[in-house]
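Below: the structure, in structure tokens.
The values are calculated or read from the model by the stated rules, or taken from the named source; none is laboratory data. Because the structure is predicted, anything quoted here is derived from the model rather than measured. Cβ sites come from the backbone with ideal geometry, for glycine too, and all protein chains shown count toward neighbours. What goes into the accessible areas is simple: the full protein's heavy atoms, side chains included, and nothing from ligands, DNA or RNA. Shrake-Rupley method; radii C 1.70, N 1.55, O 1.52, S 1.80 Å.
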Amino acid sequence: MLVRNTLVYGNVSDADGGGVKGATLENCTIVRNQAAQGGGVSAIGANSKNLIVYDNFATVESNNCYNVRGITYSCTTPLIPGEGNIAAAPRFYNPGSGYGLDATPGDWRLRGSSPCRD
């Protein structure tokens with residue numbers, strides 16, 4: 001399954017992949033999700049690219065990414081090996097608050113000064 005140009009926020013999983021599990025992602029922002037492992041993403045497709053996976057929460061391991069390989073041109077912390085990847089705060093306009101089902105809506109557009117642009 002391909003997920004493209006999508007904001008994924010405020011989701012919860014009792015296992016892994018609070019935001020997304022087992023899909024290929026392009027041009028997605030995955031924020032404020034919650035899981036036991038990989039609060040943001042888990043086991044996503046090796047051709048995933050242009051992602052922001054940031055400010056997710058895991059109760060056991062890996063707040064943002066768990067069991068992922070082959071992601072390119074993406075922004076997440078800690079840094080994931082891959083061409084063009086960076087580990088930096090994305091600088092959203094207004095990221096809201098809370099995690100999982102308690103997440104409040106925010107303005108997830110990137111500021112002009114964001115290191116995740118382009």
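Observations on the structure shown:
- Whole-number D in µm²/s for the range 46-100 (Stokes-Einstein; Kirkwood sum over Cα pairs; 37 °C, 0.692 mPa s): 274 µm²/s
- Across the range 26-118, the fraction of Cα-Cα pairs farther apart than 21 Å, rounded to a whole number, is 26%.
- The portion of the accessible surface of the range 23-94 made up by carbon and sulfur, rounded to a whole percent, is 47 (1.4 Å probe; DNA, RNA and ligands excluded).
- Set the Cα radius of gyration of the range 1-76 against 2.2 N^0.38 Å, with N its number of residues, and you get 0.91.
- Anisotropy class of the range 78-118 from Cα gyration tensor, a/c 1.5 cut: oblate
- Isolated Cys in the chain, by beta carbon distance under 4.7 Å: C28, C65
- Once the 1.4 Å probe is applied to the protein heavy atoms, the chain comes out at 51 Å² accessible per residue.
- Solvent-free Debye scattering, log10 I(q)/I(0), computed from the Cα coordinates of the range 1-44 at q = 0.18, 0.23, 0.34 Å⁻¹: -0.41, -0.65, -1.17
- Sequence-separation-based contact order of the chain, relative, with Cα cut under 8 Å and 6+ spacing, percent: 20 percent
- Highest-first packing order for the peptide set 54-61, 95-102, 39-46 is 39-46, 54-61, 95-102, based on the mean count of other beta carbon atoms within 10 Å.
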